[in-house]
Ligand SMILES: NC(=O)c1ccc[n+]([C@@H]2O[C@H](COP(=O)([O-])OP(=O)(O)OC[C@H]3O[C@@H](n4cnc5c(N)ncnc54)[C@H](OP(=O)(O)O)[C@@H]3O)[C@@H](O)[C@H]2O)c1
């Protein structure tokens, strides 16, 4: 992806990884549109940066996604990069029968959200001279954390979906997967205080790789490479035990 002069939509751009990417990509000379449910968070993320536009959308709602995408292509016809970053992570206990609200919400936001938004924007992106779709998955797509089973599964599904999308759009839209390790954000309660890669370091590395020539199809950062390659390297059991405190 070119490092500047893009019009970039980042979902979940009001906090964490999305916000950090939005700031860096804006400062490189791109117009960045950030989208999420909380307008106050989006407004804070856009503060002081004239070419960040904040738009409220709930990506759990298929009708809202269609209306949002339609409006976006009219108001921002140069839109050429979609970063599917919004996501939720819930902890779930599998030991007994349970209420499935968290599992269902996770599939809706993390799996159906990017599928629906990509579908709503793909025809527009195909009209752009240079376009990219960036899907944010997780190291947990490759080696699961037992306490977040549906989250891991949603990210594994998006990984697989991304492989198909890359092949289907080959030569027309670059399809890139960003595979974060544990990063210090508010994704789960207390995560900013737990062990993890500092958000600024992570975002610097991702933006550097995104703007490299040619762009890598998969972007791993520090420990996520370890999880990504665990099975291929014959270290799945070892990494699984490490991640799950075994
Ligand atoms: N931090 C990590 O360790 C880590 C590791 C691997 C992968 N990831 C992935 O990185 C992405 C960003 O997470 P993060 O760590 O930056 O956490 P975060 O700060 O909680 O960011 C998640 C963003 O998604 C948005 N979002 C959630 N549900 C939404 C919905 N229904 N509609 C629209 N926006 C929605 C949130 O905004 P609103 O609440 O305002 O809607 C929020 O800005 C996620 O996909 C996550 O799975 C993170």
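Just so you know, all these numbers are worked out from the coordinates, no wet-lab data involved. Here the structure is a predicted model, which means the values were calculated and not measured. Here the Cβ positions follow ideal geometry from the backbone for every residue, glycine too, while neighbour counts run over all protein chains shown.
Tabulated values for the structure
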read-out	value
Inter-probe distance in nm under a simple model that places probes 7 Å from Cα toward Cβ, at residue 147 and residue 49	3.2
Listed peptides 168-174, 82-88, 205-211 by packing density, highest first (mean Cβ within 10 Å)	82-88, 205-211, 168-174
Least to most buried among 142, 91 (fewest other Cβ within 10 Å first)	91, 142
The chain: calculated mean residue ellipticity at 222 nm from DSSP helix runs of at least 4, using -39500 (n - 2.57)	-12500 deg cm²/dmol
Computed label-point distance, nm, for sites residue 37 and residue 216 using a 7 Å Cα→Cβ extension	3.3
By average C-beta atoms within 10 angstrom, highest first, the peptides 96-103, 35-42, 47-54	35-42, 47-54, 96-103
Cα-based equivalent ellipsoid of segment 54-94: semi-axis lengths in Å, sorted from largest, via gyration tensor	27, 12, 8
Average Cα contact separation per residue, the chain, under 8 Å, 6 or more apart, as relative contact order %	19
Principal-axis tilt of helix 62-75 within the chain, Cα atoms, nearest 10 degrees	40
Dimensions (Å) - segment 133-233, Cα atoms, principal axes, largest first	42, 28, 26
Normalised convex hull volume, the chain, alpha-carbon set, Å³ per residue	127
Förster radius 30 Å - calculated FRET efficiency between residue 236 and residue 194 (Cβ-Cβ, nearest 0.05)	0.80
Antiparallel DSSP beta bridges within segment 29-161, as percent of all bridges there, nearest 5	0
